[in-house]
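Working notes, beginning with the structure itself.
The values are calculated or read from the model by the stated rules, or taken from the named source; none is laboratory data. Here the structure is a predicted model, which means the values were calculated and not measured. Using ideal geometry, Cβ is built from the backbone for each residue, glycine included, and neighbour counts are taken over all protein chains shown. Calculation scope for accessible area: heavy atoms of the full protein, side chains included, ligands and nucleic acids excluded. Shrake-Rupley method; radii C 1.70, N 1.55, O 1.52, S 1.80 Å.
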Amino acid sequence: MKKFTEKVWETVKKVVIDFALTFFSVFDWRNDGFSCAEKNENKALYRWLLFAAIVSGAFLRIFIFYREPQLGRDAIYYLNMSEIWSKNSFAYLLEYKRGFYIPPVMLGFIQFFIRLGCSPLTAGVILNLLAGTLMIPIFYLIGKYLFDSRKAGATAAFLASFNPVLVDYSANIMRENFMLLFMALALLFIILGFRKKDICFTLGGFFTAWAFMSRYEALEILPLMLLTFAFFAICRIFPWKKLFIDGIWFLAGIIIGVVFIMLIFGVPIEFLTEPFYAKIDGTLL
């Protein structure tokens, strides 16, 4: 009962923190209401706010890790596989671990740092802390371009900086951290595709590929994109021809992203096909 109460209390704290930060950040006390965009935004002020969000977010993540270092079963498995990869190749890893299906991005980065001389643990910790910190300026840009407001960008940056879940992910060795980083990049370029240039959808697709090659759950972006395009077409927010072309750019970016990942990490084509065939004949372990 005590553990259940503690878990409920932790969940409530996370929700309250998120709600309080969101409410306080977007509520304009001077005008007694909610607002985002300002006519004459102080660029220097918001640059300093972004800097403060990045520094405070990085410090918090490092502090949480050193205060309560966590190395779960999955993290140990990831580090072990990365070390094997660093001494051989990804193709060897597939042979060594029959039915190996974990996407290569996080392990690929870790094994690269191991080759540079880092220990597996150091490489895993540094990369996860870095991925978590990089999300802060990306969230700033998402808020800025989505609402055409640096104020909204600063709000998003501080939310990313202090969000308990993102902080917890960054203080652990987890594939979710990389998936969220690349999903944030994909969202940024999708927004830029709608607001700026259609070619940005290619980069949106490119980083979508990096997201689901970090963790397969990121494939959920595809039906969400389809629903978004359908909504915009039905409501006549954008012409359907433009949306069709944007969809082609997006899919092309995904293909380019997958090919690029396979080339730089040396991932054989069998990785994309063998696990599915193994499921069919019942040999997947």
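From the alpha carbon centroid of segment 154-198 to that of segment 48-104 is 17 Å. Taking 18 Å as the limit for the C-alpha separation, the pairs K197/K242; K144/K196; K144/K241; K43/K151; K43/K197 exceed it in the case of K144/K241; K43/K197. Roll a 1.4 angstrom probe over the protein heavy atoms and tell me the percent of accessible area of segment 102-142 that is carbon or sulfur. So the carbon and sulfur contribution to the accessible surface is 81 percent. Our summary gives segment 43-151 a relative contact order of 34 percent, counting only alpha carbon pairs under 8 angstrom and 6 or more residues apart.
Counting other Cβ atoms within 10 Å, keep those with at most 14, restrict to DSSP loop, and tell me which trypsin sites (Lys or Arg not before Pro) in segment 192-252 are left. Listed in order of number, the matching sites are K196, K197, R236.
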